[in-house]
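Down below is the structure, laid out as structure tokens.
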Amino acid sequence: MRFIHTADWHLGRLFHGQHLTEDQAYVLDQLHAVVKASGAEAVVISGDIYDRAVPPTEAVALLNETLDRLLLEDKVKVIMTAGNHDSAERLGFASKLLEAQGLFVRGNLTANLKPVVLADEFGPVYFQPFTYAEPALVRAVFDRADIADFDAAMGCVVQQGLQNLPANCRKVAVAHAFIAGSSETESERPLSVGGSSNVSASHFRPFNYTALGHLHNPQQAGAENIRYAGSLLKYSFDEAGQEKGVYIVDLDAAGRVAVEKVNLQPQKDVCRVRGYFDDILHKRELYPATDAYMSIELLDTQAILDIRGQLEKIYPNLMQVERPNINAGGQLQAGKADYRSKSETELFADFFRQMTAEELTAEQQAIFEKNLDELLAEQREVKA
């Protein structure tokens, strides 16, 4: 069986205030071309279909158009699960009715982890989708008071899912999780503010292939057959050097897997450059003009008039200009903290220190993290 593994579409995403719906539609057109050219029988989307629980109308329209084309024009089955950015309830609406059309959606976590069974010339293939679920939800659904973290929660749902599969069958897991040791980027929302969200790759060893979502960098996760497809587009300047795409996965009669990555070309790339203002402004052989979404880090220490106005003539989609060598008053600065790399807890601790001239205590940190986790769960409509 041949299927496409993709994830982390984040429809409705804003990038430095720029709506990306047109950019997302551009690469989804390429996805259709890949589906047609490959002869795939199914498309697997491993969570974070939307960027937020209540997506904008244009994002809903784009998903509707994309699914219409996949199901009605490309004649493939689609399996998709909710990620931590999605509203499980909204995504799973009318899911039982849609199965008759070949669309299999797993939104809310239930105790009955029913697989999606597709067949090829060698027999059935069991796709077991594991919708994103926090430990509190897994505890409630499976009445398991002993589950304390994401690793135990994933272990529980995987074992429950395996019980619904025949012995020695060909099987594919679909999950949205952070596998320990994997490479993160700036644009991913942490699954847990307090405590660890790490999950062991060992939970997925019984499967012939595991189609993962959550991390935006395409990569293996503990084994060649356990993979993140990565995000549809580059959603942060931290991802500028990455190649985004989808995986074409072939599963043979014995359950052996072959994986091919197909890159998708964005309408506008995401790039970052670093240098001196005069060089960037005039040396086109070193700094070619482009309509890419740009981040520029200037090394100059002196004041410069109308930086953006001059640079936007070369880079019309200039998103940010960083000046690490001067502070807001224009004085030379030896060092500067990069707040983009800090967690919510670290940012709050900095704010607390500035407001009170005191350090955040362990008890205060625990209260902050508990409340932030509850707020994020409420936004995802996860009932603890």
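All of the numbers you see were taken from the coordinates with simple rules; none came from a lab. Keep in mind the model is a prediction, meaning the values are calculated, not measured. Note that each Cβ is placed from the backbone with ideal geometry, even for glycine, and that neighbours are counted across all protein chains shown.
Shape of the range 54-127 from its Cα gyration tensor (a ≥ b ≥ c, root eigenvalues): rounded if a/c is under 1.5, otherwise prolate when a/b > b/c, or oblate?
oblate
Sorting 355-367, 98-110, 276-288 by their mean Cβ neighbour count within 10 Å, with the most densely packed peptide first, gives 98-110, 276-288, 355-367.
Suppose a student asked you for the relative contact order of the chain, using Cα pairs under 8 Å spaced at least 6 residues apart; what percent would you report? Don't jump to the answer; show the numbers that get you there.
Numbers: 765 pairs, mean separation 58.7, N = 384.
Rounded, it is 15 percent for the chain.
Normalised by residue count, the range 1-108 yields a Cα convex hull volume of 94 Å³ per residue. When the Gaussian network model of the chain links Cα atoms closer than 10 Å, the mean-square fluctuations of 45, 79, 304 top out at 304. Listed here are the pairs 171/370; 261/370; 268/342; 114/370; which of them are more than 31 Å apart at the Cα? Those over the limit are 171/370; 261/370; 114/370.
Close amide H contacts of residue 244 (hydrogens built in the peptide plane, cut-off under 5 Å, sequence separation of 5 or more or a different chain): 264. From largest to smallest, the equivalent ellipsoid semi-axes obtained for the range 104-249 from the alpha-carbon gyration tensor read 25, 21, 12 Å. Here the Karplus curve 6.51 cos²θ - 1.76 cosθ + 1.60, taken at θ = phi - 60°, turns the phi angles of the range 197-203 into couplings of 9, 5, 10, 6, 5, 4, 4 Hz, with x standing for Gly and Pro. Does the range 109-149 come out rounded, prolate or oblate, given a ≥ b ≥ c as the square roots of the eigenvalues of its C-alpha gyration tensor, rounded meaning a/c under 1.5 and, failing that, prolate meaning a/b above b/c? It is prolate, given that a/c is not under 1.5 and a/b is the larger ratio. Between amide H atoms placed 1.01 Å from N, distances below 5 Å from residue 106 occur with 80, 81, 82, all of them 5 or more places distant or on a separate chain. Phi angles across the range 293-299 convert, under the Karplus curve 6.51 cos²θ - 1.76 cosθ + 1.60 with θ = phi - 60°, into 3J(HN,Hα) values of 6, 10, 10, 10, 10, 8, 8 Hz, Gly and Pro given as x. Kirkwood radius and radius of gyration were both taken over the C-alpha atoms of the range 32-164, and their ratio Rg/Rh is 0.99.
Calculated mean residue ellipticity at 222 nm for the chain: -8000 deg cm²/dmol, from DSSP H runs with n ≥ 4 weighted as -39500 (n - 2.57), summed, divided by the residue count and rounded to 500. The phi-based Karplus calculation (6.51 cos²θ - 1.76 cosθ + 1.60; θ = phi - 60°) puts the 3J(HN,Hα) values of the range 302-316 at 8, 5, 10, 7, 6, 4, 5, x, 6, 6, 5, 5, 9, 10, x Hz, whole numbers, x for Gly and Pro. Please label the shape of the range 1-50 as rounded, prolate or oblate, based on the square roots a ≥ b ≥ c of the eigenvalues of the alpha-carbon gyration tensor (a/c under 1.5 means rounded; beyond that, a/b larger than b/c means prolate, else oblate). Since a/c reaches 1.5 but b/c is at least a/b, the shape of the range 1-50 is classed as oblate.
For the chain, what is the percent of antiparallel DSSP beta bridges, rounded to the nearest 5? Once the DSSP bridges in the chain are tallied, antiparallel ones form about 35 percent.
Per-residue extension of 0.36 nm, minus the Cα-Cα distance of residue 65 and residue 93, leaves a gain of 8.4 nm for this segment.
Taking max minus min of the alpha-carbon positions on each principal axis, the range 25-79 gives extents of 34, 20, 18 Å, largest first. In a simple Cβ point-charge model (Lys, Arg +1; Asp, Glu -1; nothing else charged), the chain has a dipole of about 800 debye relative to its Cα centre. With 5 Å bins beginning at zero, the pair-distance distribution over Cα atoms of the range 270-336 amounts to 4, 18, 30, 25, 14, 8, 2 %.
For the chain, a Kirkwood hydrodynamic radius built from all Cα pairs, placed in the Stokes-Einstein relation at 20 °C and 1.002 mPa s, yields a translational diffusion coefficient of 95 µm²/s.
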